[in-house]
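Each reported figure results from applying straightforward, stated rules to the coordinates on display, with no laboratory input. A quick note: this is a predicted structure, and the numbers were derived from the prediction, not measured. In this analysis, Cβ positions are derived from the backbone assuming ideal geometry, glycine residues included, and neighbour counts consider all displayed protein chains.
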Amino acid sequence: MDLNELGESLIQGEVDKVAELTKAALDKGVEVQRILNEGLLAGMDVVGQRFKADELFIPEVLLSAQAMAAGMDVLEPALVGAGLKLVGKIALGTVKGDIHDLGKNMVAMMLKGAGFKVIDLGVDIPPEKFVEVVEKEEVQLVGMSALLTTTAPAMKTTIQALEEAGLRARVKVIVGGAIVTQAFADKIGADAYGEDAIAAVDKARTLLSTV
Ligand code: B1M
């Protein structure tokens, strides 16, 4: 089966069609890994390149990300069945006091698309909640999003809470959001900064190799 149509449909952000084509490929007995690599991920690579080149913008990328998530939802049971390992596990949330979630959701979708298991904590997440999840779940990464000047300091408070709980060495921390910069990330002791959702996936992959 030609998986180019699936990749092209993902690039176009056709959420329902991507789910249908993914299911059709599975029904025809195409290997899960091929559907993922030659269909969904191949399409998402093109989206990433076009986004970096300013040929695609946030709304289009969001649609492609949703399409990727729709395809992944169809593939997930088969992926588990095929015994394929997820890339890694991340607890992700928008920090305390902040309810902006579009960027965080986009990061979550891209990470899922890249094979990560994402524990999406939601918005307005206090440091204690991040600590609780790191304690209970075997996450290698903690991801925080903030969009307000007033809530960005909660990222530092969360890192401190992880330190106080003796959990900081167990996880790598990645931060992002419109007001966050590399300099800020360095200052608060985060391990990485993601300028956008695609950079977040790149950085998360790199961090995983150091855990
Ligand atoms: Co708000 N808001 N907002 N808002 N809002 C901003 C952030 C603001 C810059 C607008 C402005 O004044 N120009 C401003 C903040 C100023 C500041 O603090 N410096 C602001 C304000 C002031 C407020 C309120 C205080 C307004 C009020 O009530 N007076 C209030 C605060 C509420 C709260 O959180 N407590 C508020 C409320 C809202 C809405 C609810 C109306 C809505 C949010 C809806 C929602 O998220 N469901 C909203 C929106 C939509 C915006 C703007 C217009 C757009 C934000 C957005 O979704 N962008 C925003 C203006 C702006 O940012 N230009 C603004 C699209 C999104 C895909 O981008 O989230 O940056 P972004 O995510 C990017 C990257 O940053 C990165 O990847 C994403 C994809 O590229 N990224 C990560 C994000 N998280 C990451 C995590 C990572 C890595 C990368 O690793 C884990």
- Message: Normalised by the empirical 2.2 N^0.38 Å for globular proteins, what value does the Cα Rg of the chain take?
- Response: 1.03
- Task: Using R₀ = 22 Å, calculate the FRET efficiency as 1/(1 + (r/R₀)^6) where r is the Cβ-Cβ separation of residue 182 and residue 138; round to 0.05.
- Result: 0.20
- At q = 0.20 Å⁻¹, what is the log10 ratio I(q)/I(0) for the range 110-185, with the Debye formula run over Cα points and no solvent? -0.91
- Task: Could you tell me the distance between the Cα centroids of the range 167-211 and the range 27-80, to the nearest Å?
- Result: 23 Å
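What ranking do 147-155, 53-61 get when scored by the average of other Cβ atoms within 10 Å per residue, highest first?
Averaged packing, sorted descending, gives the order 147-155, 53-61.
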- Note on the structure: The summed charge of the residue 65 Cβ neighbourhood (under 14 Å; Lys/Arg +1, Asp/Glu -1) stands at -4
- Item | Helical contribution to [θ] at 222 nm, DSSP H n ≥ 4, -39,500 (n - 2.57), averaged over the chain, rounded to 500 | -16000 deg cm²/dmol
- Task: Give, in nm to one decimal, the length gained when the segment between residue 167 and residue 149 is fully stretched (0.36 nm per residue of separation minus the Cα-Cα distance).
- Result: 3.8 nm
- Query: Roughly what angle does helix 102-113 make with the longest principal axis of the chain, taking Cα atoms, 0 to 90 degrees, to the nearest 10?
  - Reply: 50 degrees
- Based on the Kirkwood radius over alpha-carbon pairs, what value in µm²/s does the Stokes-Einstein equation return for the translational diffusion coefficient of the range 89-147 at 25 °C and 0.890 mPa s? 219 µm²/s
- Positive minus negative residues near residue 121 (Lys, Arg vs Asp, Glu; Cβ under 10 Å): -1
- Message: With θ taken as phi - 60° and the coefficients 6.51, -1.76 and 1.60, list the Karplus ³J(HN,Hα) couplings across the range 8-21 in order, rounded to whole Hz; mark glycine and proline as x.
- Response: 5, 5, 5, 4, 7, x, 8, 4, 5, 5, 4, 4, 5, 5
